[in-house]
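Notes follow once the structure below has been shown.
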Amino acid sequence: MSDRDPRDVIKPRIRALKAYTLAPRTAPVKVNQNENPWDLPPALKEEVLERARAQPWSRYPAFIPADLCESLAGFAGWRADGILAGNGSNELIQVAFGCVVEAGVKVVLPEPTFTLYRQMVTVFGGDVIGVPMREDLSFDVDAMLAAAQAPDVKMIVVCSPNNPTGAGLDAVAVSRLLTAFDGLVVVDEAYHEFSGWSAVTLLPKHRNLVVLRTFSKAMGLAGVRFGCLLADPDLVTELDKARLPYNVGRLTQAAVQVAIEHYDDVLKPRIDRLVRFRDALTVRIGAIDGFDPVPTSANFFLVRSRWSPTDVCEAMYERGVLIRNVSAYPMLGEYFRVNVGTEDENEAVVSALTAIAQERT
Ligand code: PMP
């Protein structure tokens, strides 16, 4: 038996990384993961189960879920052969980055942003060129384009609206990135439904655009795990080589189909409600002395805090409200993040923050 530590064979870059994870905390009011507060209605769950029951569970699903891609095409407004289905958009981040990033490759990331991007670039052996957001936490498109001039930059990744800042990009800004940079521009639209704009409209004109979507947020299916990637069909053919076979099971496909079919009558009205709640909630939190919400186009927002965000998050947790401490992110030393919940949850957030501010002044 060898004394060698088997971890010696793990790549040093991976040994140096910390896992992407979150403390396994829960609370009566959970507004820390930007989830949809409303579960799929029981009647729709029944419909999913009925369809799932009719499937042969002992048989693999198709290599390419053609029916699902057709539904997604109609739903998203893009061609079915330009769509890659994934077990959450996280998987498609891994697939796309795995096809592009290797030692020597650089990726431009505005920061702060979703931490998984940097994690995946590092796992695949590449390097990040981080571009700070502007002081008001909006995107600095000029600085991103300047950074992309460096040698060996193959990809710019933007999240719009951005997690965790809530700032979005518009058609003009994304078009600028797509025309001035000839590598891939990945636009992660995990929260686009709350913003009213999508980069999908730019796909017909730009072969270097990759759009990522998820069913975990506005679509309310975080527990089901589904996301999709939209891009030029030739590019999708290449990216598909890094996807594992049968990555989206029959049960998930049934749930996604039902969600798409009930977008107009069930999901869209909920999104509209969340947007109204968000606007009301930011106004109410802004009225508490000591807390300053950052304008957002997502279902979450940052709050600048007069007191240590770590202390505020702990005090909220003690009051049964789980929010997200983002103070370790670049530029966000004074901030925490809250997502919009039900009316009762939002009420609980406001009263807990009010009590915490009063205790400290
Ligand atoms: N992109 C962003 C910006 C996110 O915030 C998240 C979820 N936190 C994801 C992707 C991953 O979503 P999914 O559940 O589809 O893997």
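The values are calculated or read from the model by the stated rules, or taken from the named source; none is laboratory data. Predicted model, so just to flag it, every value in this text is computed and none were measured. Reconstructed Cβ throughout: ideal geometry from the backbone, glycine too, with neighbour counts over all protein chains shown. For accessibility, only protein heavy atoms count, side chains too; no ligands or nucleic acids. Shrake-Rupley method; radii C 1.70, N 1.55, O 1.52, S 1.80 Å.
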* Scan segment 28-73 for residues that are under 26 Å from Ala348 (Cβ atoms) and of a type in the set (S, T, N, Q) and jot them down. => Asn32, Gln33, Asn34, Asn36
* To do: Collect the residues in segment 206-224 that are assigned to a loop (DSSP other than H, G, I, E, B), surrounded by 22 or more Cβ atoms within 10 Å (Cβ to Cβ) and basic (Lys, Arg), keeping them in residue-number order.
  => Lys217
* To do: Filter the helices (runs of 4 or more DSSP H) completely within segment 82-154 down to those with at least 1 residues that are within 12 Å of the ligand (Cβ to nearest atom).
  => 89-100, 115-123
* Output the residue which, of all residues in segment 184-205 that are closer than 18 Å to Thr113 by Cβ and touching a strand residue (DSSP E or B) at 6+ places or on another chain (Cβ under 6 Å), is most open to solvent (accessible area, probe 1.4 Å). => Leu184
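Looking at Ala222, Ala255, Ala190, Ala242, can you tell me which residue is assigned by TED's automatic domain parsing to the domain that holds Ala52, closer than 25 Å to Ser175 by Cα and of a type in the set (Gly, Ala, Ser)?
Ala190
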* **Criterion: among the polar types (S, T, N, Q), within 16 Å of the ligand (Cβ to nearest atom), under 14 Å from Leu84 (Cα atoms) and not assigned by TED's automatic domain parsing to the domain that holds Asn34 - qualifying residue of Thr237, Thr214** => Thr214
* Structure fact -> Of the residues in segment 27-71, those that are crowded, with 16+ Cβ neighbours inside 10 Å, in a helix (DSSP H, G or I) and among the basic types (Lys, Arg) number 1
* Asked: Does Ser198 count as more than 13 Å from the ligand (Cβ to nearest atom), among the hydroxyl-bearing types (Ser, Thr, Tyr), within 27 Å of Arg276 (Cβ to Cβ) and under 15 Å from the mean Cα position of the chain (by Cα)?
  -> yes
* Structure fact -> Apart from one, (1) within 14 Å of the ligand (Cβ to nearest atom); (2) under 30 Å from Val108 (Cβ atoms) all hold for Ala259; the odd one out is (2)
* Among the residues of segment 225-238, write down those that are of a type outside the set (D, E, K, R) and either under 19 Å from Leu202 (Cβ atoms) or buried (at least 22 other Cβ atoms within 10 Å of the Cβ) (or both). => Phe226, Gly227, Cys228, Leu229, Leu230, Ala231, Pro233, Leu235, Val236
